Amino acid sequence: MKLLMLILSFNLIASTQATEIEIEYKSWISSSDRQHVETWLKHGVETTEHTLGVLQQQTLPFIIEPSLFASEPVPWGTVQRGKPDAILLQIKRFTSSRVLIKDWTLYHEIAHLYHPLLDHADFWLAEGLATYLQNVIMLENDIFNVDEFRARLISGLSRGAKNTQLNKGALQAMSEQMWSLNAQQRVYWSGVAFFMEAEIALQDVGNKNTIKALISSFQRCCKSSLISGDRISGRLFIASLDKLSKTTIFSNLYANYKQRKDFPALSKAQIYSLQPLR
Ligand SMILES: [Zn+2]
């Protein structure tokens, strides 16, 4: 723990400079679209770093694929792990930065860069964390208000519960076969429920750490030692969160969640009690 604290304080001094972005376009884009994309990406990195702390990489490359026929502003996004990690995003042409900023995809993908690449069986943990954090980032940066924050969580959890009717195996097995089973809603939202339960458990014991603060600390103290492009087990990541919060909340919940065949039932009262920015 002493060593952890030492590394932590060193990195606090070393890494206050905001991450610079680099943009590569996969196909031709008008100068007007280009400006909107630039404004949007800068805003996305700034807001995410405001919530989760400065990203521990000097540059963040974005690969943008403009598309003419899309039903939403940002139909698709993914992280490309490497040195440095990069983000690929498909965007609908002629979309203003104002509209792009309201889309969740960018916050979700940047949030992924704050956790290590996890085993396929722990996909629920990675997707749950990025989905939970995307909502926390959008709330904290006034992209939406607390009513919208709660409404999005409630509707996502209900999609997860519905999808569980079709995919009833253990969560870690469902995670491994997520694409072939079309079990995304169950996998993503079980993971969100996990972090919501952890947030509430931290609040209930009067622990001052929020999920966003723990992820921020994790990235500063442990990202370079854990992330090497190789997948690591969720158990290791969870052990770090326990250590940072000085609790066993995460490992206890993890042992239960990875095996569970049901969808976690969170009441409206629990959702309303959430204080992710406390
Ligand atoms: Zn994701």
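All of the numbers you see were taken from the coordinates with simple rules; none came from a lab. Everything numeric in this text was worked out from a predicted model, so none of it was measured. Glycine also receives a Cβ, built like all others from the backbone with ideal geometry; neighbour counts cover every protein chain displayed.
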* Mean Cβ count within 10 Å, highest first, over the residues of peptides 205-211, 148-154, 113-119 -> 113-119, 148-154, 205-211
* **Relative contact order of region 16-112, pairs being alpha-carbon contacts under 8 Å that are 6 or more residues apart, as %** => 33 percent
* Residues with beta-carbon under 14 Å from that of Gln17, excluding Gln17: net charge, scoring Lys, Arg +1 and Asp, Glu -1? -> -2
* To do: Please order Asp262, Asp122 by the number of other Cβ within 10 Å, starting at the fewest.
  => Asp262, Asp122
* DSSP beta bridges in the chain [antiparallel fraction, %, rounded to 5] -> 30 percent
* Could you line up Ser155, Ser71, Ser251, Ser216 from fewest to most neighbouring Cβ atoms inside 10 Å? => Ser71, Ser155, Ser251, Ser216
* Förster radius 25 Å - calculated FRET efficiency between Ile154 and Val99, Cβ distance, rounded to 0.05 -> 0.55
* Cα Rg, Dmax, region 189-278, angstrom units -> 13.5, 40
* To do: Report ³J(HN,Hα) in whole Hz for each residue of region 231-244, in order, from the Karplus equation J = 6.51 cos²θ - 1.76 cosθ + 1.60 where θ = phi - 60°; Gly and Pro get x.
  => 6, 10, 6, x, 4, 5, 4, 4, 4, 5, 5, 4, 4, 5
* Applying the Karplus parametrisation 6.51 cos²θ - 1.76 cosθ + 1.60 with θ = phi - 60° to the phi angles of region 131-143, what ³J(HN,Hα) value in whole Hz is obtained for each residue in order, glycine and proline being reported as x? -> 6, 5, 5, 4, 6, 5, 4, 5, 6, 5, 9, 6, 7
* Over the Cα atoms of region 16-112, how large are the radius of gyration and the largest Cα-Cα distance (Dmax), in Å? -> 12.6, 40
* Take every Cα pair under 8 Å in region 143-278 that's 6+ residues apart, average their separations, divide by the length, and report that relative contact order as a whole percent. => 35 percent
* Structure fact -> With a Förster distance of 30 angstrom and the Cβ-Cβ distance between Ala265 and His50, calculated FRET efficiency to the nearest 0.05 equals 0.35
* Taking region 37-163 and dividing mean pair separation by its residue count, relative contact order in percent (alpha carbons under 8 Å, at least six apart) -> 23 percent
* To do: Under 18 Å from a label point 7 Å along Cα→Cβ of Asn207: give me every residue in region 130-165 with its amide N that close.
  => 130, 132-133
* Which value, in debye to the nearest 20, gives the size of the charge dipole of the chain about its Cα centre, when Lys and Arg are +1 and Asp and Glu are -1 at the Cβ? -> 620 debye
* Using every alpha carbon pair in the chain, what percent of pairs falls into each 10 Å bin from 0 up to the bin containing the largest distance? -> 6, 29, 36, 23, 5, 0
